[in-house]
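The values are calculated or read from the model by the stated rules, or taken from the named source; none is laboratory data. Since we're looking at a predicted model, the values are computed, not measured. Don't worry about glycine lacking a Cβ; one is built from the backbone with ideal geometry, like all the others, and counts go over all protein chains shown. Each accessible area value is taken on the protein alone, full model and side chains, heavy atoms only, with ligands, DNA and RNA left out. Shrake-Rupley method; radii C 1.70, N 1.55, O 1.52, S 1.80 Å.
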Amino acid sequence: MADRVTVIGWDGSPLTAGARSALAAATLVAGAPHHLALPEVPADAERIRLGSLDLAARRIAAHRGSAVVLADGDPGFFGVVRTLRAPDYGLEIEVVPAVSSVATAFARAGMPWDDAQVVVAHARDLRRAVNVCRAHPKVAVLTSPGAGPAELALLLGDVHRTFVICEELGTAREQVTVVTSDRAADHAWRDPNVVIVIGGSGTPLGRGGTWIAGRDPGQPPAVRGWALPARAYDTTLGEGESTELRAAQLARLGPRVGDLVWDIGSGSGAAAIEAARFGAAVIAVDRDPDACRRAASLARRYGTQLQVVHGTAPQILEELPEPDVVRVGGGGPAVVAACADRRPERIVTHAATRDDAEAVGRVLAEGGYTVHCTLLQAVDLDTGDWTERERAVAFLLSGRRTHP
């Protein structure tokens, strides 16, 4: 095992005295090519070009002597410290941090970032980073080869954002470019880079303050709870949108940050807005243009990012990006079947009669889903005289994908 392992962050500024001292004593140095070219790296030290962090960690663990790992920015923030601290390697490390590339990017843009989401984009799961950009008005994306500004822009598609692209921060070739997302795909960007993605219908940037990083739960209208009543939306809820049914649907869907939710037959937009309040990206689809306008207006009122699509399912679904979970508010078995063909993790819908429920259940089962059905009955009571004001009955169906 290495006698000493020091992880040094580098942000382009001169190394600290502690960092220079650790490098001078190093018998093994690991880092990217531009790190290994630093003049402070001893000429006689073994050099490891970082590719696979796991392989590098094993080499370091087997080394006898003093090892140094060089990394861009703060190595404890989405950096190599997490890998090196894994119990598999048994390494005890010292960390000399630097300013993170995210902090530097926001400094170059002259923007606060306590209210920003920060994500790492890899080619294998880029869509999750894109979904966060869909759902939030300010996101910093730490990119990687094959998952850069152009790829982000292509997957965002019709969702328009402003990109602040910071290339090779801390080096002599540093460059900051501001473009709209539809222009980002037409250019070749240099690695490494950080992309600040801003815009949408959320909270206006730069106003007020936050008390918790990455979110602002107190932004008006600061409502508590889920499955709000119709009066919270100043509209009449349609069939299948009752408060209790909507609460059960949200519980079955479990929308979360990084997800893309389809709400097909979104009606008032209440369910779509509440899914977005969980931090998920949401596409609300309805064939009624008035319903689409109401949903977009309510989304702005509640400070949520909602992509509203006017169209008729199942035809319109072919144009939408891949969903993680789907709520079907209308359309019956044909629409449920079309959604199942896209293989989301979960599908939730409802039916008014047992025959309809059985038909939808068969479609889900044939599509490879484990089906659960519950008959829900909700009675709204006037607590003045405890008389019944309204009764809602529906079959709640949910399908959970059984195979990837």
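Keeping all protein chains in place and using 1.4 angstrom, which order do H372, H122 fall into by accessible surface area, from largest down?
H372, H122
With every protein chain present, what accessible area does F395 have (1.4 Å probe, heavy atoms only), rounded to the nearest 10 Å²?
Its accessible surface works out to 40 Å², give or take rounding.
Please give the net charge around A392, taking every other residue with its beta carbon less than 12 angstrom from that of A392, where Lys and Arg add +1 and Asp and Glu add -1.
That sum, taken over residues with Cβ under 12 Å, equals -3.
How do 330-340, 82-92 rank on mean C-beta neighbours within 10 Å, highest first?
In decreasing order of mean packing, 330-340, 82-92 become 330-340, 82-92.
What's the angle, to the nearest 10 degrees (0 to 90), between helix 289-301's Cα axis and the longest principal axis of the chain?
50
On average, how much accessible surface per residue is there in the range 290-392, in Å², for a 1.4 Å probe, leaving out ligands, DNA and RNA?
Working: 5490 Å² over 103 residues.
For the range 290-392, the solvent-accessible area averages 53 Å² per residue.
List the relative contact order of the chain as a percent without decimals, with contacts defined as Cα pairs under 8 Å and 6+ residues apart.
Computed value for the chain: 11 percent relative contact order.
By how many degrees, between 0 and 90 and to the nearest 10, does the Cα long axis of helix 354-366 differ from the longest principal axis of the chain?
Rounded to the nearest ten degrees, it is 30.
Kirkwood Rh and Cα-based Rg: tell me the resulting Rg over Rh for the range 258-404, rounded to two decimals.
Using only Cα positions, Rg/Rh for the range 258-404 is 1.00.
What distance in nm separates the two pseudo spin-label positions at L154 and A188, each 7 Å out from Cα along the beta-carbon direction?
The answer from the label model is 1.5 nm.
Any idea what the alpha-carbon Rg over 2.2 N^0.38 Å comes to for the range 257-339?
0.97
Could you list the residues of the range 247-278 with an amide nitrogen less than 16 Å from a label point located 7 Å from the Cα of I212 in the Cα-to-C-beta direction?
It comes to 256-257, 277-278, nothing else.
Name the shape class, rounded, prolate or oblate, that the alpha-carbon gyration tensor gives for the range 273-318, where a ≥ b ≥ c are the square roots of its eigenvalues, rounded holds for a/c under 1.5, and otherwise prolate holds if a/b is larger than b/c and oblate otherwise.
Note, shape of the range 273-318 comes out oblate.
Could you calculate the contour length gain from V179 to T236, that is, 0.36 nm times the residue separation minus the distance between their Cα atoms, to one decimal place in nm?
Length difference between fully extended and current span is 16.4 nm.
Kindly report, to the nearest 10 Å², the accessible surface of E244 as traced by a 1.4 Å probe over protein heavy atoms only.
The accessible area of E244 comes to roughly 100 Å².
Rounded, prolate or oblate: pick one for the range 360-404, where a ≥ b ≥ c are the square roots of the eigenvalues of its C-alpha gyration tensor, a/c under 1.5 means rounded, and failing that, prolate if a/b is larger than b/c, else oblate. Could you put the intermediate results ahead of the total?
Working: a/c = 7.28, a/b = 4.12, b/c = 1.77.
Cα axes put the range 360-404 in the prolate bin.
Mind giving me the nanometre distance, one decimal, between the label points for R124 and R362, set 7 Å out from Cα along Cα→Cβ?
4.1
Which order, highest average first, do 93-103, 253-263 follow once you tally other Cβ atoms within 10 Å for each residue and take the mean per peptide?
Ranked by mean Cβ neighbours within 10 Å, highest first: 253-263, 93-103.
Hey, can you rank 26-37, 380-391, 168-179, 69-80 by average C-beta count inside 10 Å, highest first?
69-80, 26-37, 168-179, 380-391
For the chain, which whole percent of the accessible surface, found with a 1.4 angstrom probe, sits on carbon and sulfur atoms?
Carbon plus sulfur share of accessible area: 50 percent.
Could you give the accessible area per residue of the range 1-149, probe 1.4 Å, as a whole number in Å²?
46
Taking all protein chains together and a probe of 1.4 Å, list S242, S52 from the most accessible to the least accessible.
Numbers: S242 35, S52 55 Å².
From most accessible down to least: S52, S242.
If one takes the longest principal axis of the Cα atoms in the chain, at what angle in degrees, from 0 to 90 and to the nearest 10, does the Cα axis of helix 243-253 lie?
40
Taking Cα pairs under 8 Å and at least six residues apart, what relative contact order does the range 227-274 come out at, in percent?
Normalised by residue count, the contact order of the range 227-274 is 47 percent.
Between E345 and A43, what is the FRET efficiency for a Förster distance of 56 Å, r being their Cβ-Cβ separation, to the nearest 0.05?
Calculated transfer efficiency: 0.55.
What's the FRET efficiency of R256 with S297 using the Cβ-Cβ distance as r and R₀ = 30 Å, to the nearest 0.05?
Result of the calculation: an efficiency of 0.70.
What length, rounded to one decimal in nm, is gained on full extension from E92 through to S13, with 0.36 nm per residue of separation minus their alpha-carbon distance?
Taking 0.36 nm per residue and subtracting the Cα distance, the gain is 25.8 nm.
If each of T171 and F78 carries a label point 7 Å out from its Cα toward its Cβ, how far apart are those two points in nm?
1.8
Remind me, relative contact order of the range 256-404 in percent, using alpha carbon pairs under 8 angstrom and six or more residues apart?
The normalised contact order for the range 256-404 reaches 19 percent.
FRET efficiency for D355 and T387, Cβ-Cβ distance as r, R0 = 30 Å, nearest 0.05?
That gives a FRET efficiency of 0.40.
Can you tell me the mean projection area, over all orientations, of the convex hull of the chain's alpha carbons? Units nm², please.
Mean shadow area of the hull around the Cα atoms is 23.4 nm².
Given 0.36 nm per residue, what is the gain on full extension from T374 to D290 after removing their alpha carbon distance, in nm?
Stretched fully, the T374-D290 segment lengthens by 27.1 nm.
Based on the alpha-carbon gyration tensor of the range 1-104 and its eigenvalue square roots a ≥ b ≥ c, which shape applies: rounded if a/c is under 1.5, prolate if not and a/b is larger than b/c, or oblate?
Oblate.
Any idea what the dipole of the chain comes to, in debye rounded to 20, about its Cα centre with Lys/Arg Cβ at +1 and Asp/Glu Cβ at -1?
Numbers: 42 positive and 48 negative charges, 110 e Å.
For this selection, approximately 520 debye.
In the neighborhood of A62, defined by Cβ-to-Cβ distances under 14 Å, what is the net charge if each Lys or Arg adds +1 and each Asp or Glu adds -1?
Here the count lands on -1.
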